[in-house]
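Taking it in order: structure first as structure tokens, then the write-up.
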Amino acid sequence: MANKYRGAGVIRWMARDGKSPYVGENGNWWVWDDDLGRYRNTGIKANGSNSLILGFWSDLLHYQQSDAGIPVVKRENAESFKVYKLIKFESTFGTFDLSEWEEVKSETFIYMQEAYIERLQATIVTAERIEALNIITSRIKVIDGAKVGNWNIEQGNLYSEQGEPASIMIDENGGKFLRINEGGSTPMIAIRSDDRVGISIYTQGYNAGKALGITAQTGAIAIESHGSHTLHQRGGEVWNAPGVLLAIDIVVSNIPSQGTGSFNQKWGITPLDYGVTLSRSGRDLRLNHNLGHSNYFVTAFINAGAAEMNVGQRTTSYCDISIAGSYSEGHTVTIMIFGRNKI
């Protein structure tokens with residue numbers, strides 16, 4: 001005979017007189033019902049897939065399979081603990097009987113709707129969704145289709161839709177920050193770095209390396225700057241910004257009829273790079289500059305008190321200069337070009 005009683009809101013059957021629950025042909029648990037005088041289908045699958053994680057086994061609790069799932073418990077051993085699931089419809093109250101429980105091996109698949117896990121170690125965890133308050137990992141990899149904040153992962157890159165702005169904000173304090181796409185009317189990239197370098201760029205290469213390239217179109221401003229500037233030029237380096245494009249000193253006798261001649265001093269446009277030459281025919285000089293435009297001015301003088309320099313024709317590739325008055329071959333001519341830099 002089997003006694004029926006209620007506990008924890010679930011009807012329980014205690015097996016007696018050989019009327020133990022059994023698994024029917026339909027895979028459900030069948031139990032003896034005193035009121036019906038026969039076994040009755042409980043509708044509970046004997047191999048139900050949902051697991052009830054119930055912590056450590058206790059002799060004060062009843063363990064039984066139900067619609068909620070199969071009880072799974074921990075049992076301490078000499079090393080740490082083992083995990084068992086109930087393979088009978090109901091366990092013996094107060095006694096842990098290994099014939100009623102099966103150890104959960106590492107290869108066993110457990111489906112859980114809800115679980116509390118103190119520590120999980122696994123080679124692969126596949127989940128539709130993971131919610132966590134704190135994730136600590138030495139490596140994380142996300143693939144296309146993933147989303148990090150407002151950033152989408154597309155072709156291995158971080159991508160943000162125009163209507164869904166995403167930002168990167170590094171803010172140590174008010175005097176040190178990096179802000180990318182902060183939003184609103186703020187710059188796309190904003191940097192403040194008090195008492196240290198804000199941006200450092202290094203490159204090298206023969207005519208190929210370019211540390212910074214800026215292009216402004218349709219009236220846009222390429223650079224707007226406020227504050228002091230320090231521009232260093234090492235030997236052989238060129239600064240061709242608008243202003244003094246070329247300045248040369250040369251003794252009159254060193255000005256050849258063709259070619260460049262031997263300059264005493266020169267600054268600006270490098271003759272070898274841009275084909276700057278100075279030639280002479282009597283009192284007339286021709287400076288070939290190859291600037292590619294005529295937006296420039298020329299100033300010339302000679303260190304002879306009774307002589308002066310007159311600037312004549314100015315073209316996109318050369319300008320003519322003549323010496324007037326009394327001078328000697330040992331006097332020095334100085335020529336400077338101001339204006340827009342070379343095209």
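Does PHE109 meet the test of being closer than 30 Å to ASP59 by Cβ, assigned to a loop (DSSP other than H, G, I, E, B) and modelled with pLDDT under 70? Considered against the rule, which asks whether it is closer than 30 Å to ASP59 by Cβ, assigned to a loop (DSSP other than H, G, I, E, B) and modelled with pLDDT under 70, PHE109 comes out as yes. Could you tell me which of the residues ILE255, ILE170 is under 30 Å from SER281 (Cβ atoms), surrounded by 10 or more Cβ atoms within 10 Å (Cβ to Cβ) and either without any contact (Cβ under 8 Å) to a residue 12 or more places away in the chain or of a type outside the set (Phe, Trp, Tyr) (or both)? From the options ILE255, ILE170, the qualifying one is ILE255. Name the residues in region 57-71 that are at pLDDT 85 or above and more than 17 Å from TYR22 (Cα to Cα), would you? Hits for region 57-71 are TRP57, SER58, ASP59, LEU60, LEU61, HIS62, PRO71. Selection within region 143-166: residues that are at pLDDT 85 or above and among the polar types (S, T, N, Q). The member of this set that is nearest to GLY198 (Cα to Cα) is ASN157. Of all the residues in region 139-167, those that are farther than 25 Å from GLU128 by Cβ and either surrounded by 10 or more Cβ atoms within 10 Å (Cβ to Cβ) or aromatic (Phe, Trp, Tyr) (or both) number 2. The residues in region 297-343 that are among the aliphatic types (A, V, I, L, M) and under 53 Å from the mean Cα position of the chain (by Cα) can be counted, and the count is 5. Checking each residue in region 224-250 for being on the phi > 0 side of the Ramachandran plot and modelled with pLDDT of 85 or more picks out only GLY227.
The values are calculated or read from the model by the stated rules, or taken from the named source; none is laboratory data. A quick note: this is a predicted structure, and the numbers were derived from the prediction, not measured. Cβ coordinates were reconstructed from backbone atoms using ideal geometry, including for glycine residues, and neighbour counts include every protein chain displayed.
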